[in-house]
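The values are calculated or read from the model by the stated rules, or taken from the named source; none is laboratory data. Worth saying up front: this structure is predicted, and the values here are computed from it rather than measured. Note that we place each Cβ from the backbone using ideal geometry, even for glycine, and neighbour counts take in every protein chain shown. Surface areas here come from the heavy atoms of the whole protein model, side chains and all, with no ligands, DNA or RNA. Shrake-Rupley method; radii C 1.70, N 1.55, O 1.52, S 1.80 Å.
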Amino acid sequence: MLSYFKINSNVQTFQELFSQYWLLFDKLIKKYVPLKYQNRRNIEHTKISDASIMAMMCLKVQYRISSWISFYRLFKLTLPNEPMLEYSRLLRRRKRLTLYFQLIRQGLLTQTSISTMAIMDSFPLPLCQPIRNRRAKIFSEVANIGYSATKKVYLYGFKIHMVVSINGLILKYEVTSASVNDAKVASELIADCPCSQVLADVGYIGEKIVQEFREMGYQLWTPFRSNMKGAKRHNNSLLNQIRRRIETCFSQLKLYGSEETHNRSLEGFQADFE
């Protein structure tokens, strides 16, 4: 970490980004987070603000630093005059800010113009290499082994189910065990989605799920498998092209480390993913 930034301009960029993120989150907290959370007990005695910690969380992702201890050391070296908590205290404060991110995200969605069409899909979140699937203990109470059809391999960990707009804006997401079928959580995932039309892949094919969506007021479209009756007539190339845009969203998330986690608690995992 001592040699992370080779030139002074990178140090200045880091400092400027921190200030910009702090100003942004300070405004968002005041606008979208209820006063009962902002004015919680002993808030006036905190050494650093909630906005500062949220700014740190964003910087850690932007600079693709995998572990918090590495980022903690970098931050202290790069901004030596900035107030800082003890490392363990910082991690506890970070976990408690998950609610803030959720409230801000929900508030921003209410003020965003969203089309009538959304895309639904999932991607795996492995917690270890496949060779250790049977020996892994981390998150053993909730994680398990599932098959990734895309990677054609069995993975131990979680599965991220997500709904995004056609512009790539994340509308909703859920985290389940890796073995959970996409169709089983589809109805719960789509509930309260502002888009009436949903595009999905062949993992969501089935009369039951189409009927469930129809009863909830949503229209579900999935491509047919090539060996299904009427596949050529049904499979619309334009809709298929739009549906694949969610893969771009997944690729961007993976680029910023969504498939890597150094957390050992569900609270920490949720805080980083949020």
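To the nearest 0.05, what FRET efficiency results for Glu82 and Asn236 with a Förster distance of 45 Å applied to their C-beta separation?
Values: r = 53 Å, r/R0 = 1.19.
Calculated transfer efficiency: 0.25.
Listed by chain and number, the aspartates and glutamates whose alpha-carbon sits under 20 Å from that of Lys30, ignoring those within fewer than 8 places in the same chain, are Glu44, Asp50, Glu274.
Please report, in debye to the nearest 20, how large the charge dipole of the stretch 1-113 is about its Cα centre when each Lys and Arg carries +1 at its beta carbon and each Asp and Glu carries -1 there. Could the numbers behind the result be given before it?
On the way: 19 positive and 6 negative charges, 92 e Å.
The calculation lands at about 440 debye.
Candidates Ile131, Met57, Pro83 compared by Cα position along the dipole of the stretch 49-137: farthest toward the positive end lies Ile131, with charges placed on Cβ.
For a quick protection proxy, order the peptides 74-85, 221-232 by their average other-Cβ count within 10 Å, most packed first.
On the way: 74-85: 14.4, 221-232: 12.4.
Output ranking for 74-85, 221-232: 74-85, 221-232.
How long are the three semi-axes of the equivalent ellipsoid of the stretch 65-198, in whole Å, if each is the root of 5 times an eigenvalue of the C-alpha gyration tensor, listed from largest down?
Numbers: eigenvalues 185, 133, 31 Å².
Working through the eigenvalues yields semi-axes of 30, 26, 12 Å.
Each 5 Å bin, from zero up to the one with the longest distance, holds this percent of the alpha carbon pairs of the stretch 3-104: 2, 11, 23, 26, 18, 11, 5, 2, 0.
When each of the peptides 47-59, 110-122 is scored by the mean number of other C-beta atoms lying within 10 Å of its residues, the order from highest to lowest reads 47-59, 110-122. To the nearest ten degrees, helix 50-62 and the longest principal axis of the Cα atoms of the chain are 60 degrees apart.
For the stretch 194-241, the average shadow cast by the Cα convex hull is 3.7 nm², which is a quarter of the hull's surface. Between Arg73 and Thr13, the distance separating the two model label sites (each 7 Å from Cα on the Cα→Cβ line) works out to 2.2 nm.
From the gyration tensor of the Cα coordinates in the stretch 75-120, what semi-axes in whole Å does the equivalent ellipsoid have, largest first, with each one equal to sqrt(5λ)?
Working: eigenvalues 244, 36, 20 Å².
With the √(5λ) rule applied to the stretch 75-120, the semi-axes are 35, 13, 10 Å.
Which angle from 0 to 90°, rounded to the nearest 10, does the C-alpha axis of helix 68-78 make with the longest principal axis of the chain? Between helix and principal axis, roughly 40 degrees.
When the accessible area of the stretch 98-226 is computed with all protein chains present and a 1.4 Å probe, what percentage of it is carbon and sulfur? If you can, show how the numbers build up before the last one.
On the way: 3440 of 6690 Å².
About 51 percent, which is the carbon plus sulfur part of the accessible surface.
Straight-distance candidates among the lysines for linking to Lys184, with alpha-carbon spacing under 18 Å and chain neighbours fewer than 8 residues away dropped: Lys159, Lys172, Lys208. Taking every DSSP bridge with both residues inside the chain, close to 80 percent are antiparallel.
Partners of Lys95 within straight-line reach, counting lysines whose Cα lies under 19 Å from its Cα and excluding those fewer than 8 residues away in the same chain: Lys36, Lys47, Lys60. Size of the stretch 18-61 from its Cα atoms: along the principal axes, largest to smallest, the extents are 29, 22, 15 Å.
Cys128 exposes around 20 Å² of accessible area when a 1.4 Å probe is run over every protein chain in place. Enclosing the Cα atoms of the chain in their convex hull gives a volume equal to 171 cubic angstrom per residue.
For the stretch 77-156, place one equal point scatterer on every Cα, skip the solvent, and apply the Debye formula. What is log10 of I(q)/I(0) at q = 0.22, 0.23, 0.25, 0.27 Å⁻¹? Summing over Cα pairs of the stretch 77-156 leads to -0.99, -1.02, -1.10, -1.19.
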